[in-house]
Amino acid sequence: MAIKSYEEMNELEMDILKEIGSIGGGNAATAMSSMLNAKVNMSLPKVVILGFNEALDYLGDPEELVAAIFVEMSGELSGIMLLILTKEFSDEVLFRMLGKVDSDFLELEEIDSSVLMETGNIVISSYITAMASLTNVNVELSVPQLAINMVGGIMSAPMSLMGQHSDRIMMITGQFTIDGKALDSEMLLLPDVESLNVLMKKLGVE
Amino acid sequence: MEKKISVGIADMKITRQEGILITYALGSCIGISFYDPMIKLGALLHIMLPEKGRGNDSNIYKFADSGIHETLRKLSAYGATKRRLVCKIAGGAKMFEMKGAGGLGNIGERNAQNVKRILMAEGLHVASEDTGANYARTMLLDVSTGKVSVRSAGRPERFL
C-alpha cells in the first residue's frame, strides 16, 4: 500500500528508514573521519515525525546560531539534506583543519566558510551515495550552500517545502562524535512523502 | 517581568492591555502584527506559505490568506476596528536558493508579496516592515505600547 502521509508509516517501514540512516550515517562518519584525521562516530539514527513546532523544540533553542550546509535532492528522490553544526562543532572542525581557535561565527573568513561547506559537502555526498547504492535509486544533489543563522530560520526552508502537503516533517537524524567527544550536530535527511514510496518499492516492501 | 506569549509556526495569539507577543526565528515565514491602540489589543500571526489553494488543509494559520482572514475575524470579535489597526510585518528571508520548491520559487518573497496584497485588499496598510535578505528574525509586539521590534543575529535590535 502506498504511503500517503508520514504518519501512516508502519514499523517495518520505519525500520528500513533507520537502516538507511545507519548506512548513510556510517559512511558519512568515515568521510568526516578521514577529513579531520580523527575518530568520528555517528549515533544510531532516529526517525522522527513531528509537527513544525515540535520539530523546532527537538532541535533546541530556535534562536541558536548554527552553521547549516544545505543540499537539495532531486531525481528519483526529492527532499532536503541538512548538516547542522553548533558553534562548538564548527570550531572543532576549523581547529582541526586550519588550526584556528574561536573564530567569529558571524564574520567567518572565506577560508573558514569554504572548509565548513566542504565538510558538509563530503559528509552529505557520502551519506547519499551509500543510500543510493543500497536502494539503487538515482539521486542528484544540488550545489551545497552554507548559512550561519538561527536554527529556526534555517528549518523554515525544509518546512515550507514539506508544508505544502503536510503538517509534519519527517527527519532521519544522527549525531557525530569526534574522538569520543560528543559535539552537538545533526545530520538531517528530509525526504518528501513520494520519495518514501520510491524507496520502499526499490527495496521490495509494498 | 512582563508576561511573554510565544507564537509558534502556523500559529496566532491575541492578547490585550499587557504582555509581549513573540515569535522566534522567522526565516522565509512572515510575522504579521496587528494592533488596535485605542483598546490596546494586539495579535501576532506567523504564516509559512503564501496561499491556501484548493487543498482542504485544516491548519488555517499556515497560510497568508486564510491566516489573515481568521485573525481579522477574531480581532473584530474582540472589539478591534479595522481602521484603527496598525499592521507591521517581518520575515520573508531567503535562507537558501531552492530549485525544487514545487514552483514556489523564492518562498520568502512570495510570502511577503502575498501578505501585503491580502492586507491591502482588506483595506489595511503595512505601517512598517523588515523583510527579505537572508537572515532569520525574531519579532516582538509589546501590547501595552504597540511597539514592534525585530532582533536578528549580529544586528542591533530594530523598532518597526
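The values are calculated or read from the model by the stated rules, or taken from the named source; none is laboratory data. Fair warning: this is a prediction, and the values are worked out from it, not measured in the lab. Backbone-built Cβ (ideal geometry, glycine too); neighbour counts: all protein chains shown. Protein only, heavy atoms only, side chains kept; ligands, DNA and RNA dropped before computing areas. Shrake-Rupley method; radii C 1.70, N 1.55, O 1.52, S 1.80 Å.
Name the one entry in A:Asp112, A:Asp104, A:Asp192 that is buried (at least 19 other Cβ atoms within 10 Å of the Cβ), of a type in the set (Asp, Glu) and free of Cβ contacts under 8 Å to residues at least 60 places away in the same chain.
Working: A:Asp104 fails: buried (at least 19 other Cβ atoms within 10 Å of the Cβ); A:Asp192 fails: free of Cβ contacts under 8 Å to residues at least 60 places away in the same chain.
Every option except A:Asp112 fails the conditions.
With the condition kept exactly as written, say whether any residue in region B:104-126 is at positive phi and not small (Gly, Ala, Ser). Break it down into steps so the answer makes sense when it comes.
Our first condition is that a residue be at positive phi; within region B:104-126, this holds for B:105, B:123.
Still in the running and not small (Gly, Ala, Ser): none.
No, because not a single residue in region B:104-126 is at positive phi and not small (Gly, Ala, Ser).
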**OP:** Return a yes/no flag: does region A:63-70 have any residue that is under 22 Å from A:Ile128 (Cβ atoms), open to solvent by 10 Å² or more (accessible area, probe 1.4 Å) and touching a strand residue (DSSP E or B) at 6+ places or on another chain (Cβ under 7 Å).
**Re:** no
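State whether one or more residues within region A:40-50 are in contact (Cβ under 8 Å) with a residue 12 or more places away in the chain and within 14 Å of chain B (Cβ to nearest Cβ). Lay out the reasoning, then the answer.
Just the residues of region A:40-50 that are in contact (Cβ under 8 Å) with a residue 12 or more places away in the chain, to begin with: A:40-50.
If we keep only those that are within 14 Å of chain B (Cβ to nearest Cβ) too, we end up with A:50.
Scanning region A:40-50 turns up at least one residue that is in contact (Cβ under 8 Å) with a residue 12 or more places away in the chain and within 14 Å of chain B (Cβ to nearest Cβ).
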Original post:
Quick check: is even one residue across region A:136-145 on the phi > 0 side of the Ramachandran plot, in contact (Cβ under 8 Å) with a residue 60 or more places away in the chain, open to solvent by 50 Å² or more (accessible area, probe 1.4 Å) and more than 18 Å from the chain's Cα centre (by Cα)?
Top reply: yes
Original post:
open to solvent by less than 30 Å² (accessible area, probe 1.4 Å), modelled with pLDDT of 95 or more and at negative phi, is that true of A:Gly153?
Top reply: yes
Subject >> Failed condition for A:Met81, given (1) farther than 21 Å from A:Phe176 by Cα; (2) buried (at least 18 other Cβ atoms within 10 Å of the Cβ) >> reply: (1)
**OP:** Among the residues of region A:31-54, write down those that are under 15 Å from the mean Cα position of the chain (by Cα) and either closer than 14 Å to A:Leu188 by Cβ or part of a helix (DSSP H, G or I) (or both).
**Re:** A:Ala31, A:Met32, A:Met42, A:Ser43, A:Pro45, A:Lys46, A:Val47, A:Val48, A:Ile49
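Tell me whether region B:100-116 contains one or more residues that are surrounded by fewer than 24 Cβ atoms within 10 Å (Cβ to Cβ) and farther than 30 Å from A:Leu146 by Cβ.
Taking region B:100-116 as the starting set, the residues that turn out to be surrounded by fewer than 24 Cβ atoms within 10 Å (Cβ to Cβ) are B:100-106, B:109-110, B:113-114, B:116.
In the following step, the residues that additionally are farther than 30 Å from A:Leu146 by Cβ were identified as B:116.
So far as region B:100-116 goes, yes, one or more of its residues are surrounded by fewer than 24 Cβ atoms within 10 Å (Cβ to Cβ) and farther than 30 Å from A:Leu146 by Cβ.
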Original post:
Taking the condition touching a His at 6+ places or on another chain (Cβ under 9 Å) and among the small types (Gly, Ala, Ser), does B:Gly91 pass?
Top reply: yes
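Among the residues of region B:1-23, count how many are part of a strand (DSSP E or B), in contact (Cβ under 8 Å) with a residue 60 or more places away in the chain and surrounded by fewer than 24 Cβ atoms within 10 Å (Cβ to Cβ). Give the derivation first.
Within region B:1-23, the subset part of a strand (DSSP E or B) is B:4-6, B:11-16, B:20-23.
After this cut, where a residue has to be in contact (Cβ under 8 Å) with a residue 60 or more places away in the chain as well, the list is B:12, B:14-16, B:20-23.
Within this subset, residues satisfying the condition of being surrounded by fewer than 24 Cβ atoms within 10 Å (Cβ to Cβ) are B:12, B:14-16, B:20, B:22.
Within region B:1-23, residues that are part of a strand (DSSP E or B), in contact (Cβ under 8 Å) with a residue 60 or more places away in the chain and surrounded by fewer than 24 Cβ atoms within 10 Å (Cβ to Cβ) number 6.
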Subject >> The listed residue being in a helix (DSSP H, G or I), more than 30 Å from B:Thr23 (Cα to Cα) and modelled with pLDDT of 90 or more, out of A:Asp15, A:Asp57 >> reply: A:Asp15
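Could you please let me know if A:Lys87 is over 21 Å from A:Ala130 (Cβ atoms), basic (Lys, Arg), open to solvent by 30 Å² or more (accessible area, probe 1.4 Å) and within 14 Å of chain B (Cβ to nearest Cβ)? Write out each step before concluding.
Numbers: over 21 Å from A:Ala130 (Cβ atoms): yes; basic (Lys, Arg): yes; open to solvent by 30 Å² or more (accessible area, probe 1.4 Å): yes; within 14 Å of chain B (Cβ to nearest Cβ): yes.
When the stated conditions are applied, A:Lys87 passes them.
Go through region B:117-160 and count every residue that is assigned to a loop (DSSP other than H, G, I, E, B), free of Cβ contacts under 8 Å to residues at least 40 places away in the same chain and loosely packed, with under 14 Cβ neighbours inside 10 Å. Talk me through it step by step, then tell me what you get.
The first filter runs over region B:117-160 and keeps only residues assigned to a loop (DSSP other than H, G, I, E, B), leaving B:122-125, B:132-136, B:143-147, B:153-154, B:160.
Checking the rest, the ones that are also free of Cβ contacts under 8 Å to residues at least 40 places away in the same chain come to B:125, B:145, B:147, B:153-154.
From what is left, the residues that are loosely packed, with under 14 Cβ neighbours inside 10 Å are B:125, B:145, B:154.
Result for region B:117-160: 3.
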Subject >> Residue ID - nearest to the chain's Cα centre (by Cα), chosen from residues in region B:52-77 that are at the interface with another protein chain (Cβ under 10 Å from one of its Cβ atoms) and not in a strand (DSSP E or B) >> reply: B:Lys62
Original post:
Considering only strands (runs of 3 or more DSSP E) fully contained in region A:133-206, which possess at least 3 residues that are within 14 Å of another protein chain (Cβ to nearest Cβ) and either out of contact with any Lys or Arg (no Cβ under 7 Å at 6 or more places or on another chain) or more than 16 Å from A:Val47 (Cβ to Cβ) (or both)?
Top reply: A:139-141, A:145-150, A:185-191
Subject >> Options B:Lys40, B:Lys82, B:Lys74; residue that is open to solvent by 40 Å² or more (accessible area, probe 1.4 Å) and closer than 20 Å to B:Lys116 by Cβ >> reply: B:Lys82
